[in-house]
Amino acid sequence: MPASPDLSSRLQEARATLGRVWGYDSFRAGQEDVLASLFEGRDVLAVMPTGSGKSICYQLPALLRPGLTIVVSPLIALMQDQVRQLRALGIAAGALNSGNGPGENQATERAINEGRLRIVYVAPERFALPGLPDLFKRGGAHTLAIDEAHCISQWGHDFRPEYLALRDIRDALGPVQTIAVTATADEPTRNEIIDKLFDAPPQIFIHSFDRPNLYLSMQRKKNAAQQIGAFVARHKGESGIIYCNSRKRTETFAEALSAQGHRALAYHAGLDPAIRQARHDEFIESDGVVMVATIAFGMGIDKPDVRFVCHADLPQSIEAYYQEIGRAGRDGLPSETLTLWGEDDVALRRRQIYDTDTPSQRQRIEIAKLEALLAYAETPLCRRQSLLKAFGETSKACGHCDICTSGLRYVSGKLDAQKAMSAIIRTSGRFMARHLISILTGEASETVKRHAHEKLKTFGVGKDRTPEEWRSIFRQLHATDLIGHDVDDEGRWYVTERGRDVLSGEGDVSLRDPRDQGPRPERITVDNPAAGLSARQQQLFAALKARRLELAKSERQPPYVIFHDRSLIDMAQKHPLTLDEMSRVHGVGEAKLARYGALFLEVLRQDDR
């Protein structure tokens, strides 16, 4: 159905603004649909992957109507970064949070009162101060944007209790349009956001979770220090993040990488706040820093040129994994991810889940999330296919992940699958994989004898395999939907309809050889973002980066606020020699052209001599 004339003209104006302010030729996938809905006056919930340009969906409309857009953001670092980038684009933006000095907050409040701001970022805790909704109303508040909206979900990995007050805050602001955006929200989380934030169902947009520029890989731990060292060596001089599950491990790996010649810094909650802030700033404001951190680091990081993310230990869930690897390659250029894991990680995670006072239903949910993550780790299918499937999305094999490129050995798993599923059915699915593996391997454990399971026909039918091999088989059967985990029924295992077909003899099952320790790291290759440049263009790109770093240091701001790598690569390829030609480079809008155009043309013209 064609857009109305008024909507068409507004979208045309939005495209012109996108080029004039941001320097982009076209919208990214999904952005125009969200904008059209907002221009028609609807409330919106948009679930879009990291790096897809969610923020433009509320930043751009703020420029096309008078008044104020309020953006609720959970982290001070994220607000500061967003405000810094908006101001570099010539957009009147500010923030209200406890990280500002009193004078800065007062100046922002005056600007709101006088109608001089188009966008203000605010922490949800700030609304506890009296008079804030009235201040925003005086500033002409017309839109409330909720960033990282999954924080409203009590079942989510980033739950923030302050987000639960947002509905009341929305009501206090009066008739404002509301847009909630997030990169990670499954169906239960989406339903919770809608229920707790909106009075009526919003327009919902769910776009592909795929990040095709990310190379996905997982390896079993053998020697984590060596594995990480080899991985980081492939990214010498590039920015990256390594996540660890303890403070001590961040220190250990940072010291080891530093000894190997990398600029590696440890980051965790136990550091002195001043040291922690200094290290955060160095990572943001410099090129080539490797941050070795606990998950205390990352949610507020919007650095676009993070070229790799490595997990030294198993993440907490697929949702956490997706969000953490999503900090790589936000500029859309090739980036690499690696996750190391082992059975010790699994045992630790189980203890963390059970050694708490959380309700049993929550524990079952967390165990189900762990099982889903382990199924993903051991999947015999394309890694990207398996990840997207976890978010309810189907895709073809990508050809660009460790499973697709590493030459794994596959075997017929039909007989093993039948044995495993028979053990589940004969025990009514009431037991965990550990117990089922004891039955299959013929281990007459105390629990097996208590339930007389040594008398089952399946007892000992899998003696030819080790417990570790059976663990892999169970996880692969889960990944391929032959068996499932029912959270609503005491977490029992069950055989799916597809599994019953295999059990009855129909079709075959192809599994990774459980004796195979996984993808071979030496086969992983990810192109450098500037790999497509000629030798001369590579030199020019390096010179442009040097000019950018020089400007960033003089202005005391991150290099990417001046220009992203993608813009510099485009400059090196197009080699503009006039301001008019420079205006056609990706990411060069009017404000940046006026401020930096001549300075980068100097570098380009020197190369032209």
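Just so it is clear, none of the values below were taken in a lab; they were calculated from the coordinates. This one's a predicted model, so the numbers in the text were calculated from it and none came from an experiment. Using ideal geometry, Cβ is built from the backbone for each residue, glycine included, and neighbour counts are taken over all protein chains shown.
Tabulated results
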| item | result |
| --- | --- |
| Stretch gain in nm, segment LEU408-ARG536, where the contour uses 0.36 nm per residue and the Cα spacing is subtracted | 42.2 nm |
| Cα shape, the stretch 1-83, gyration tensor, a/c 1.5 rule | prolate |
| Equivalent ellipsoid semi-axes, the stretch 5-206, via Cα gyration tensor eigenvalues times 5, rooted, Å | 23, 22, 16 |
| Computed over the chain, Kirkwood Rh from alpha-carbon pairs, angstrom | 26.4 |
| Reachable lysines from LYS463, criterion Cα separation under 19 angstrom, eight or more residues apart if same chain | LYS414, LYS419, LYS449, LYS455 |
| Residues of type lysines that LYS592 reaches as a straight line, Cα spacing below 18 Å, ignoring anything fewer than 8 places off in the same chain | LYS545, LYS553, LYS574 |
| Residue order, fewest to most surrounding Cβ atoms within 10 angstrom, among VAL461, VAL290 | VAL461, VAL290 |
| Summed residue charge, Cβ within 14 Å of ALA274's Cβ, Lys/Arg positive, Asp/Glu negative | -1 |
| Added length on full extension, which subtracts the Cα-Cα distance from 0.36 nm per residue, ARG515 to ALA225 | 102.1 nm |
| Fewest-first sequence of ARG234, ARG279 by Cβ atoms within 10 Å of each Cβ | ARG234, ARG279 |
| Gap separating the Cα centres of the stretch 24-54 and the stretch 416-431, nearest whole Å | 46 |
| Overall form of the stretch 410-515 per C-alpha gyration tensor (a/c, 1.5; a/b vs b/c) | oblate |
| Cβ-Cβ FRET estimate between THR466 and LYS236, R0 fixed at 56 Å, reported to 0.05 | 0.90 |
| Solution diffusion estimate, µm²/s, Stokes-Einstein, the stretch 381-458, Kirkwood Rh from C-alpha pairs, 20 °C, viscosity 1.002 mPa s | 142 |
| Under-21-angstrom lysine pairs by C-alpha in the stretch 214-405, whenever the two are 8 or more apart or on separate chains | 5 |
| Cα gyration tensor, the stretch 420-459 - rounded (a/c under 1.5), prolate or oblate | rounded |
| Percent RCO, i.e. relative contact order, over the chain, from Cα pairs under 8 Å lying at least 6 residues apart | 14 |
| Kirkwood Rh and Cα Rg combined as Rg over Rh, evaluated for the stretch 281-428 | 1.01 |
| Exposure proxy ranking, count of Cβ atoms within 10 Å, fewest first, for LYS222, LYS389, LYS303 | LYS222, LYS389, LYS303 |
| Whichever lysines have a C-alpha closer than 22 Å to that of LYS137, once near sequence neighbours (fewer than 8 apart) are set aside | none |
| Per-residue [θ]222 nm for the chain (sum of -39500 (n - 2.57) over DSSP H runs n ≥ 4, rounded to 500) | -13500 deg cm²/dmol |
| LYS455-ASP357 FRET efficiency (beta carbon distance; Förster radius 45 Å; 0.05 resolution) | 0.70 |
| Rounded FRET efficiency, nearest 0.05, which uses the C-beta distance separating ASP488 from GLU446 and R0 of 45 Å | 0.95 |
| Burial ranking of peptide ranges 494-501, 566-573 (average Cβ count within 10 Å, highest at the top) | 566-573, 494-501 |
| The stretch 141-196 and the stretch 249-301: distance between their alpha carbon centers, rounded to Å | 31 |
| Ordering of 506-514, 406-414 by burial proxy (mean other Cβ atoms within 10 Å per residue, highest first) | 506-514, 406-414 |
| Highest-first arrangement of 29-37, 591-599, where packing means the average Cβ count within 10 Å | 29-37, 591-599 |
| Between the stretch 452-506 and the stretch 305-337, the Cα center-to-center distance that results, in Å | 31 |
